[in-house]
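Since the structure comes first, as structure tokens, the remarks are kept for the end.
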Amino acid sequence: MTNYRFSEGAAIVFGGSGGLGTGIVDLLSKSGTDVAFTYFKNKEAAETNLKTIEENGKNGYFESVDLLDAAAVESFSNSAKEKFGKIHSVIFATGPFLHIMPVLDAKPEDVYATLDTDIKGFYHVLRSVVPILRDGGGGSITALTTAAIHKYISTDGLSSIPKAGVQHLCTAISREEGHNGIRSNCVAVGQIALVSQKQQQEIDSSDGVADQFLQLVPLGRSGAPAELFDTVVFLASENAGYISGQSLPVDGGYSA
């Protein structure tokens, strides 16, 4: 395992109970840092994550947080800071389940919900954590987005359009908070071989979108979960101390 460096304190993972968030939480704690994380509905997964953190020899903390509730997001971030003394990195690994379809075929309420969760949710996260990072002398913010931002694939609008907003918020923070020692980056996620049964059924019935995507991937395969987790934790760590304002695709060359 790569020796990722973190200062004293803890990382925060928003969306730490999902498939991607769980792997990120695990690798962070294996890398030697305490971890605070949120979940929305899956408390069982959150409790399993906490056990994993403790088995890795670190301390964990979690709460159920609705990202659309700005006060709840701020309360969680402040509680994490009080518990661990300092927050050195923040990872935004959450997002709603997305249907694969032409964007104008989507129900308006589904589009609004996706925009709210991604853009409003991430904005609330930034409002809550940037002052904490400033007070601690800096740190990192890393957001998961999508490779479709860099190269659009038909029927992936519900993913790429909101995540483009997340990317631009990351860019804004990198420009506006760099003098405070705060780095902000995105990981543009391609097709990773880690999906729920519901998502797999959606992919299988999506008129060959998954096959269409893979045909455009120079490496010719889906990414392994560890390849994504390593990239996210690298950007969050001090190993990436001179990287900011970037969107790094983990997509097998799809967006090249």
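The values are calculated or read from the model by the stated rules, or taken from the named source; none is laboratory data. Please read these numbers as outputs of a predicted model, since none were measured by experiment. Reconstructed Cβ throughout: ideal geometry from the backbone, glycine too, with neighbour counts over all protein chains shown. In case anyone asks, the SASA skips ligands and DNA or RNA and just uses the protein heavy atoms, side chains included. Shrake-Rupley method; radii C 1.70, N 1.55, O 1.52, S 1.80 Å.
Quick look at the values:
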{"quantity": "Whole-Hz ³J(HN,Hα) from phi, Karplus 6.51 cos²θ - 1.76 cosθ + 1.60, for the stretch 118-125, glycine and proline x", "calculated": "6, 7, 5, x, 5, 4, 4, 4"}
{"quantity": "The stretch 52-100: translational diffusion in µm²/s, Stokes-Einstein, Kirkwood Rh over Cα pairs, 20 °C, 1.002 mPa s", "calculated": "166 µm²/s"}
{"quantity": "Glu55 accessible area, 1.4 Å probe, all protein chains in place, Å² to nearest 10", "calculated": "150 Å²"}
{"quantity": "At 1.567 mPa s and 4 °C, Stokes D of the stretch 1-65 from Kirkwood alpha-carbon radius, µm² per second", "calculated": "114 µm²/s"}
{"quantity": "5 angstrom amide H check on Leu67, placed H, neighbours 5+ away", "calculated": "none"}
{"quantity": "Local electrostatic count at Phe122 - Lys and Arg +1, Asp and Glu -1, tallied over other residues with Cβ under 12 Å", "calculated": "+1"}
{"quantity": "For Leu169, net neighbour charge (Lys/Arg +1, Asp/Glu -1) across residues whose Cβ lies under 15 Å away", "calculated": "+1"}
{"quantity": "Apportionment of accessible area to carbon and sulfur, the chain, percent (1.4 Å)", "calculated": "49 percent"}
{"quantity": "Rounded to whole Hz, the Karplus (6.51, -1.76, 1.60) HN-Hα couplings of the stretch 218-230, x for glycine and proline", "calculated": "x, 6, x, 8, 6, x, 7, x, 4, 5, 6, 4, 4"}
{"quantity": "Accessible area expressed per residue, the chain, with surrounding protein chains retained (probe 1.4 Å, Å²)", "calculated": "47 Å²"}
{"quantity": "Shape call, the stretch 35-139: gyration tensor on alpha carbons, a/c limit 1.5", "calculated": "oblate"}
{"quantity": "Expected 222 nm ellipticity per residue - DSSP helices of 4 or more, -39500 (n - 2.57), all of the chain, to 500", "calculated": "-13500 deg cm²/dmol"}
{"quantity": "Derived scalar couplings ³J(HN,Hα) [the stretch 85-91; Karplus, 6.51 cos²θ - 1.76 cosθ + 1.60; whole Hz; x for Gly, Pro]", "calculated": "x, 8, 10, 9, 7, 10, 10"}
{"quantity": "Amide H contacts under 5 Å for Gly139, placed H, 5+ residues apart", "calculated": "Ile182, Arg183"}
{"quantity": "Under 13 Å, Cβ to Cβ, from Ile24 - net charge with Lys/Arg +1 and Asp/Glu -1", "calculated": "-2"}
{"quantity": "Residue-level accessible surface for Lys43, protein heavy atoms, 1.4 Å, Å²", "calculated": "100 Å²"}
{"quantity": "With DNA, RNA and ligands ignored, accessible area of Ser222 (1.4 Å probe; Å², nearest 10)", "calculated": "40 Å²"}
{"quantity": "Kirkwood Rh, angstrom, the chain [1 / mean 1/r, Cα pairs]", "calculated": "18.2 Å"}
{"quantity": "Projected-area mean, the stretch 210-256, by convex hull of Cα positions, square nanometres", "calculated": "3.8 nm²"}
